[in-house]
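Here the structure comes first, spelled out in structure tokens, and everything after it is commentary.
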Amino acid sequence: MDLGLKGKRAVVTGSTAGIGFAVAKGLAREGAFVYVNGRTEARVQKAVAEIGANTEGVAADLGALTGIQKLFACVKDVDILVNNLGIFAKLHIERGQNCYPPHSLENALHPHPQGYAT
């Protein structure tokens with residue numbers, strides 16, 4: 001099946017194993033250039049080698065602002081974002097308040113989405 005992804009650039013976070021790896025592999029197979037992400041260089045390079053062509057690896061812990069900054073220093077012109085990671089933090093949330101942690105990947109892409117508090 002041709003999904004029309006040739007020439008598109010994708011970031012798949014948490015893509016060294018499991019669902020993220022399968023998504024990254026599928027996107028690359030469809031012709032997209034895929035940035036593979038994980039926390040350790042060894043796992044990232046293993047995933048890149050297994051996926052093959054159309055990939056580049058970025059080892060960065062996206063649970064920290066420095067990791068997000070590292071990712072976006074390496075990644076240019078993204079068409080597709082598959083945010084396949086979870087960050088769990090203890091937060092105090094008032095009833096009815098939406099919470100948007102300031103260190104989140106989405107916040108790095110769009111700093112102040114309407115309806116969310118930082």
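If you check Ala59 against the conditions, is it in contact with a Phe, Trp or Tyr (Cβ under 7 Å, 6 or more places away or on another chain) and modelled with pLDDT of 95 or more?
On the way: in contact with a Phe, Trp or Tyr (Cβ under 7 Å, 6 or more places away or on another chain): no; modelled with pLDDT of 95 or more: yes.
Judged against the criteria, Ala59 is not a match.
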Among (1) in contact (Cβ under 8 Å) with a residue 40 or more places away in the chain; (2) crowded, with 21+ Cβ neighbours inside 10 Å - the single one Ile19 does not satisfy
(2)
What are the pairs with Cβ atoms under 6 angstrom where one residue, in segment 42-55, is within 9 Å of Thr16 (Cβ to Cβ) and the other, located anywhere, is in a helix (DSSP H, G or I) and of a type outside the set (Lys, Arg)? Sequence gap at least six, or different chains.
Ala47/Phe21
Neighbours by Cβ (under 6 Å, 6+ apart or cross-chain): first from segment 63-92, closer than 25 Å to Gly7 by Cβ and exposed (fewer than 13 other Cβ atoms within 10 Å of the Cβ); second modelled with pLDDT of 90 or more and not aromatic (Phe, Trp, Tyr):
Asp77/Arg9; Asp79/Lys8; Asp79/Arg9
Hits in segment 31-57 - residues which are farther than 22 Å from Gly4 by Cα and either surrounded by fewer than 20 Cβ atoms within 10 Å (Cβ to Cβ) or among the small types (Gly, Ala, Ser) (or both):
Gly38, Arg39, Thr40, Glu41, Ala42, Arg43, Gln45, Lys46, Ala47, Ala49, Glu50, Gly57
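The values are calculated or read from the model by the stated rules, or taken from the named source; none is laboratory data. In this text, all values refer to a predicted model and were calculated from it rather than measured experimentally. Cβ coordinates were reconstructed from backbone atoms using ideal geometry, including for glycine residues, and neighbour counts include every protein chain displayed.
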